[in-house]
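The values are calculated or read from the model by the stated rules, or taken from the named source; none is laboratory data. Note that the structure is a prediction, hence the values are computed from the model and not measured. Please note: Cβ atoms are built from the backbone with ideal geometry, for glycine as well, and neighbour counts cover all protein chains shown. The accessibility values were calculated without ligands, DNA or RNA, using every heavy atom of the protein model including side chains. Shrake-Rupley method; radii C 1.70, N 1.55, O 1.52, S 1.80 Å.
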Amino acid sequence: MNKSRLAAVAGVAVFGLALAGCSGGGTAGGGNDATANLTSRGPITYVQGKDNSNVVRPLIDKWNAAHPKEKVTFKEQSDQADQQHDDLVQHFQAKDAGYDVVDVDVVWTAEFAAKGWLTPLTGKMKIDTSGLFPSAVKAATYNNTLYAAPQTSDGGMLYYRTDLVKTPPKTWDEMMSMCSIAKANNIGCYAGQFAKYEGLTVNASEAINGAGGSVLGSDGTTPTLTTDKAKNGLDLLAAAFKDGNIPAEAITYQEEQGRIAFESGKLMFLRNWPYVYNLAKTDGSSVVKDTFAVAPLPGLDGVGASTLGGHNAAVSVYSDHKATAKDFLNFLLTAENQKFFATQGSLAPVRMSLYDDQELITKLPYIPTLKESIDNAVPRPVTPFYPAVTKAIQDNTYSALKGDKSVDQALKDMEAAIKSAGS
Ligand code: GLC
């Protein structure tokens, strides 16, 4: 990021904080339930994690030019999923009317909806979801009610170095057998997101699902972690840490640290989301611009399964200007703006027709791989108690990867903690 953009980001962040400060602490605006202010219009604030791909500002500029009396201000959070979550929780708890439209990670929908913080998109707030990925609509729905507009989807992909690997590995074993090439080139072989945060839940679930196991059974609530398949999946990750095929520093990686390592040529394989594609192609500091491609994630016996990621835009029940907020949701969903998410940020549109758009396919070669990833992606548990469930997965996976707990014990403890989270 250049200096002027940094300054702009800092400015907006400070402004956003000041705004939040004014409206928090008991002076929340008129709306304190889901049915208030449904027809009222005016300026609103949109809250989202760090705009790594610079898609949000241009979209907001476009909206503001067309809606001078209903301007949107961008409050940019950090780039870390857990911090974004906690920031939203604090502002909802303070009934902050300064957070009108918020970006909701797919795994937070149930929790926020159950707590009564999201305006149901019914009646006057109804939006049209036809043509959107059913998985994305489902991830914005709780108890049969739509609580948010799907905004971008997300599927994990394998970034690999085309100068070092001619054909990408289809299985985990194949990938591990290629690590000698990385060693010979004095670089790390594979990394994903292994710091103790939401990304670790994503990666642990992929390891378990990729080995034919599952986190929950078909009822969607009973943990199924003490199985041979789940153990096999987590064993593979733990073993790769142990033998160095995953470099030791990857235990601190969130998405951005992995992206930076890959862009600076220090990694041969990287599991990450589609946003990395455009940045690795265009960042001034990327030394792999012309020497990487993407492939589906490898699994045990063939292509693996990504964890379903993605983000929804929801209207806070405390917003004073819900009619404007709803229009902004629809604006994010137009085919034109959905296409912009892909062209500008290499993000995954939620509008399915765009995956057959010839212009996009020609321009963005990762589009078919991304579609495959999303089509086969496995959702994380849907529960209002998600924070406790994800903590159980993260804490125990982390201990197993660090070698502080056996994989067996970690899975037993994970299962017990998930059971007690839901009871
Ligand atoms: C991405 C995904 C999101 C996931 C997060 C983890 O933002 O879209 O679903 O929870 O990464 O870091």
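Some observations on this one:
- Yes/no for MET178 being of a type in the set (A, V, I, L, M, F, W, C), closer than 23 Å to GLU206 by Cβ and open to solvent by 30 Å² or more (accessible area, probe 1.4 Å): yes
- GLY265 within 14 Å of the ligand (Cβ to nearest atom) and open to solvent by less than 30 Å² (accessible area, probe 1.4 Å): no
- Per the listing LYS166, LYS196, LYS183, the residue uniquely open to solvent by 40 Å² or more (accessible area, probe 1.4 Å) and touching a residue at least 12 places away in the same chain (Cβ under 8 Å) is LYS196.
- Single match in GLY233, GLY258 (criterion: at pLDDT 95 or above, within 16 Å of the ligand (Cβ to nearest atom) and open to solvent by less than 10 Å² (accessible area, probe 1.4 Å)): GLY258
- Residue among ASP327, ASP357 that alone is touching a residue at least 12 places away in the same chain (Cβ under 8 Å), open to solvent by 10 Å² or more (accessible area, probe 1.4 Å), closer than 30 Å to LYS289 by Cβ and more than 16 Å from the ligand (Cβ to nearest atom): ASP357
- Only one of the listed residues (LEU59, LEU121, LEU132) is open to solvent by less than 50 Å² (accessible area, probe 1.4 Å) and under 22 Å from ARG380 (Cα atoms). That residue is LEU132.
- Any hit, region 200-211, residues being away from the ligand (no atom under 16 Å from the Cβ), surrounded by fewer than 22 Cβ atoms within 10 Å (Cβ to Cβ) and in a loop (DSSP other than H, G, I, E, B): no
- Test: residue in region 225-237 that is of a type outside the set (Val, Ile, Thr) and touching a strand residue (DSSP E or B) at 6+ places or on another chain (Cβ under 6 Å): no
- All conditions in (1) within 16 Å of the ligand (Cβ to nearest atom); (2) not assigned by TED's automatic domain parsing to the domain that holds LYS170 hold for LEU297, with the sole exception of (2).
- Enumeration of residues in region 300-319 that are open to solvent by less than 10 Å² (accessible area, probe 1.4 Å) and closer than 14 Å to GLY192 by Cβ: SER306, THR307, GLY309
- Residues in region 361-412 that are under 20 Å from GLY309 (Cβ atoms) and acidic (Asp, Glu): 2 in all.
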